[in-house]
1. Please report the antiparallel percentage of the DSSP beta bridges confined to segment 141-289, to the nearest 5.
2. Taking only Cα atoms, what is the 0 to 90° angle, nearest 10, from helix 338-351's long axis to the longest principal axis of the chain?
3. Dividing the convex hull volume of the alpha carbon atoms of the chain by its residue count, what do you get in Å³ per residue?
4. Between D328 and Q438, what FRET efficiency comes out of the Förster formula 1/(1 + (r/R0)^6) with R0 = 41 Å and r the beta carbon distance, rounded to 0.05?
5. Full-extension gain between A213 and L41, please, as 0.36 nm times their residue separation minus the C-alpha to C-alpha distance.
6. Can you tell me the length gained on complete extension of the stretch V398 to F183, counting 0.36 nm per residue apart and subtracting the Cα distance?
7. Quick one: net charge around F173, please, counting Lys, Arg +1 and Asp, Glu -1 for every other residue with C-beta under 11 Å from its C-beta.
8. Report, in debye and to the nearest 20, how large the dipole of segment 317-385 comes out about its Cα centre when Lys and Arg carry +1 and Asp and Glu carry -1 on their Cβ.
Amino acid sequence: MTTVPTDGKRKHVFIRTYGCQMNVYDSDRMADVLRPLGYALASAPEQADLVVLNTCHIREHASEKVYSELGRLRDEKQLRRAEGRDLTIAVAGCVAQAEGEEIVKRQPAVDIVVGPQAYHRLPELLAEAERKAAVHKAGKRVPGAGVLDTDFPAESKFDHLPAPQGARGGSAFLSIQEGCDKFCTFCVVPYTRGAEYSRPAAAVVAEARQLVANGAIELTLLGQNVNAYHGEAADGSTWSLARLVREIAGIDGVARLRYTTSHPRDMDDDLIAAHGEVPALMPYLHLPVQSGSDRILEAMNRRHGRDLFLGIVDRLRTVRPDLALSSDFIVGFPGESDSDFDDTMRLIEQVGFASAYSFKYSRRPGTPGSSMPDQLSESVKSARLAALQSLLGEQARVFNVSKVGQSVPVLFAEPGRKPGQIIGKTPWLQSVYAEGPQRLIGRIVETRLIEGYANSLAGEIVTGAYEAAA
Ligand code: 5AD
Ligand code: SF4
């Protein structure tokens with residue numbers, strides 16, 4: 001077992017997070033696991049004894065970035081070894097899960113490879129890596145480089161992770177569900193994160209209370225397929241996401257509640273109703289549709305068509321007319337014709353999104369999409385992505401501008417780049433910049449929106465709101 005250093009010198013860990021909010025949550029959990037071992041957080045790899053890359057495998061570009069970072073870390077490690085010091089390099093997350101020991105073959109400087117389900121085992125993996133490093137230092141041959149744990153253990157990592165430490169700027173993530181059984185034909189998640197798993201309701205509610213006690217006033221419930229949540233409750237019944245949302249919204253101190261990422265097929269009646277009935281549930285929903293063409297949605301194995309999605313949007317807007325909708329889009333899926341792409345553009349026009357993420361289709365080894373015929377050229381994908389992003393960008397700007405003139409509650413989360421500036425979020429998740437004292441960070445303050453841009457708004461804190469927030 002690795003022990004806290006007794007020489008008074010603290011060890012430092014630098015964690016670099018790639019990809020989704022699940023990874024942000026996991027990085028925080030890894031920091032929590034490492035803290036009792038004496039690891040404080042470093043703000044750069046150069047200041048760290050241990051660097052963890054928490055990786056994303058969703059698109060090719062995401063995994064390639066990891067390997068170039070590993071090249072830089074290998075150079076740093078070699079420099080240090082020349083001076084008799086060391087650097088421990090760990091690869092965590094979905095690239096670790098998908099590529100396992102391939103990572104160590106491609107970059108032998110890597111000491112530890114740990115999949116998303118094994119973070120609670122980091123202390124053991126570190127101890128083993130330290131033993132191997134000691135053998136190496138003694139000039140002996142190391143029996144197999146790298147320490148690997150990419151199992152999907154029967155017991156949940158959540159039962160072994162320490163309690164979360166707290167909230168940043170009043171906001172905290174809470175992972176309630178992991179994995180996915182949907183098997184969209186483009187996606188690696190069912191392979192890297194495994195089968196769908198919902199944490200028991202009582203554990204989630206307890207963690208929510210803990211986060212609030214630590215200063216969170218906004219909670220975002222996380223899962224790869226969060227609205228498929230079906231957690232076991234203490235009485236043996238099963239709670240849906242809607243049930244959980246209502247319960248957590250009832251915790252004293254929870255001012256704002258969000259959840260992400262959802263699948264259209266799992267937007268049940270009660271969850272839609274909750275958007276009209278639960279005031280803490282913010283008027284924002286990220287609901288990936290991927291394509292507006294029924295033919296492509298079928299080939300993607302999305303299990304929903306265009307009409308199902310549009311029907312959900314209508315029902316949501318009936319119960320919550322100001323709902324800001326966000327989505328994910330993929331252009332250039334194999335076989336996507338001009339007319340399929342046009343269907344996507346028409347869907348976007350019909351819905352009107354407040355924000356969106358859009359990607360060129362990326363061929364992921366092992367997924368059914370990667371071996372489909374009629375893969376599209378890079379140039380077609382690029383042209384379609386540009387057209388789609390220009391439409392979505394304009395919709396986002398129009399949405400932002402539509403709020404100008406309103407006074408709205410803003411949760412300030414961090415200092416801005418300019419002195420005296422703070423940045424927060426509106427209920428619709430737009431970023432707002434305003435002049436204001438740092439003590440407002442972590443608080444909800446009434447702010448008048450004075451100008452709207454493509455990606456943000458400028459605001460003015462309403463006179464008297466300081467005192468109200470104090
Ligand atoms: N290529 C491009 N985009 C992808 N996504 C997932 N897999 C791929 C892929 N192979 C996108 C989807 C998903 C988001 C998280 O990433 O839009 O909703
Ligand atoms: Fe991937 Fe589809 Fe599951 Fe979302 S629903 S995580 S896109 S397989």
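The values are calculated or read from the model by the stated rules, or taken from the named source; none is laboratory data. Quick caveat, the model's predicted, so the values are computed rather than measured. Because the Cβ atoms are built from the backbone with ideal geometry, glycine has one as well, and the counts that use them run over all protein chains shown. Side chains are part of the model used for accessible areas, which takes the heavy atoms of the whole protein and leaves out ligands, DNA and RNA. Shrake-Rupley method; radii C 1.70, N 1.55, O 1.52, S 1.80 Å.
1. Of the beta bridges lying entirely in segment 141-289, close to 35 percent run antiparallel.
2. 70 degrees
3. Expressed per residue, the convex hull around the Cα atoms of the chain is 164 Å³.
4. 0.75
5. Taking 0.36 nm per residue and subtracting the Cα distance, the gain is 59.7 nm.
6. Going from the current span to full extension adds 73.9 nm.
7. Spelling it out: positives minus negatives among the neighbours equals -1.
8. My answer is approximately 280 debye.
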